[in-house]
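Scroll down for the structure; my scribbles are underneath it.
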Amino acid sequence: MTSLRERFTADLKEAMKAGEKGKVSTIRLITSALKDKDIEARGLGKPETTPDEILALLQKMVKQRQESIAIYDANGRPELAEGERAEVAVIETYLPKQMSETEVRAAIEAAISETGAGSVKDMGKVIGSLRAAYAGQMDFGKVSPLVKGMLGG
């Protein structure tokens, strides 16, 4: 399997040859953000950004764009919202397939029984277990309330 970094480079070259300006600019945004993250890590004496950290970075980029889309739509700027949607579509091609709600609920139930969680106090253990096993495959902003509900909170 090729690394995400190699995919970014290959896809950038391919998009440039095909003349896909939107895709080229989005991939450049991704690689720029990744370089910033690498420089930050180096400054802290850490090694190169890990694949999990790259996925987290991509998820953050998608979330930022979704927030922008909501603002643009609310303020009657469909052309700007459309540009953000195009960027989201490109970024999401690098993220793992998102789990369905049924799969998320099953994963939460498995994590609850696996960690022996019995109350809302154990929510951190459950979320930690889910993050380790399903990084990039579920939106943890939506998962937290589900976990809390399943633990009786």
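Specify which residue in the list T115, A89, V104 is farthest towards the positive end of the charge dipole of segment 83-141, using unit charges on the beta carbon of Lys, Arg (+1) and Asp, Glu (-1), about the Cα centre.
Positive-most Cα among the choices belongs to T115.
Taking the Cα atoms only, what angle lies between the long axis of helix 140-150 and the longest principal axis of the chain, rounded to 10 degrees?
10
Between D52 and E67, what length comes free when the chain is fully extended (0.36 nm per residue of separation minus the Cα-Cα distance, one decimal in nm)?
Details: separation 15, 0.36 × 15 = 5.40 nm, distance 2.27 nm.
Full-extension gain reported as 3.1 nm.
How much accessible surface area, in Å² rounded to 10, belongs to the heavy atoms of T93 with a 1.4 Å probe?
Accessible surface of T93 is approximately 80 Å².
Can you pull the one-decimal nm distance between simple spin-label points at K37 and E92, each 7 Å off the Cα toward Cβ?
1.9
Using alpha carbons only, how many angstrom separate the centre of segment 83-122 from the centre of segment 1-44?
25
Expected output is a single nm value to one decimal: the length gained when fully extending between E82 and A18, i.e. 0.36 nm times separation in residues minus the C-alpha distance. What is it?
Details: separation 64, 0.36 × 64 = 23.04 nm, distance 2.11 nm.
Once the chain is fully extended between E82 and A18, it gains 20.9 nm.
Report ³J(HN,Hα) in whole Hz for each residue of segment 121-136, in order, from the Karplus equation J = 6.51 cos²θ - 1.76 cosθ + 1.60 where θ = phi - 60°; Gly and Pro get x.
Coupling constants for segment 121-136: 4, 8, 4, x, 4, 5, 4, x, 5, 5, 4, 5, 8, 10, 4, x Hz.
Order L29, L151, L146, most accessible first, counting only protein heavy atoms with a 1.4 angstrom probe.
Per-residue accessible area, sorted high to low, gives L29, L146, L151.
Under a Cβ-Cβ cut-off of 15 Å, what is the net charge of the residues other than E40 that fall near it, where Lys and Arg count +1 and Asp and Glu count -1?
Numbers: positive: K35, K37, R42, K46, K60; negative: D36, D38, E48, E53.
Cβ neighbours under 15 Å give a net charge of +1.
In square angstrom, rounded to the nearest 10, how much accessible surface does M16 have for a 1.4 Å probe?
100
For the chain, build the charge dipole from Cβ charges (+1 Lys, Arg; -1 Asp, Glu) around the Cα centre, then report which of L151, A133, T31 sits farthest towards its positive end.
T31
May I ask which of K97/K148; K13/K142; K21/K60; K23/K97; K97/K142; K13/K35 have a Cα-Cα span longer than 28 Å here?
K13/K142
Test of understanding: in a Gaussian network model of the chain with alpha carbons linked when under 10 Å, which of V120, V24, V62 would top the mean-square fluctuation ranking?
Per the Cα network of the chain with a 10 Å cutoff, V120 tops the list.
Let's see if you can work this out: charge +1 on each Lys and Arg Cβ, -1 on each Asp and Glu Cβ, no other charges. What is the dipole magnitude of the chain about its Cα centre, in debye to the nearest 20? If you can, show how the numbers build up before the last one.
Details: 23 positive and 23 negative charges, 51 e Å.
Dipole size: approximately 240 debye.
What figure in square angstrom, to the nearest 10, would you give for the accessible area of R85 with a 1.4 Å probe?
Approximately 90 Å² of R85 is accessible to the 1.4 Å probe.
Where Lys and Arg each count +1 and Asp and Glu each count -1, what net charge lies around T93 among other residues with Cβ under 10 Å from its Cβ? Show your work: numbers first, answer last.
Details: positive: R7, K23; negative: D11, E92.
After counting each charged neighbour, the total is 0.
Which value in deg cm²/dmol, rounded to the nearest 500, describes the helix-derived mean residue ellipticity at 222 nm for the chain, given -39,500 (n - 2.57) per DSSP H run of n ≥ 4 and division by the residue count? Show your work: numbers first, answer last.
On the way: 7 runs with 115 residues, N = 153.
Theoretical 222 nm ellipticity from helices: -25000 deg cm²/dmol.
If I compute Kirkwood radius over Cα pairs in Å from the structure I just sent, which labelled value in (i) 15.6; (ii) 16.0; (iii) 17.6 lines up?
Among (i) 15.6; (ii) 16.0; (iii) 17.6, the one calculated here is (iii).
The values are calculated or read from the model by the stated rules, or taken from the named source; none is laboratory data. The model shown is predicted, which means the values in this text are computed figures rather than measured ones. Note that each Cβ is placed from the backbone with ideal geometry, even for glycine, and that neighbours are counted across all protein chains shown. Ligands, DNA and RNA are excluded from the accessible area calculation, which covers all protein heavy atoms including side chains. Shrake-Rupley method; radii C 1.70, N 1.55, O 1.52, S 1.80 Å.
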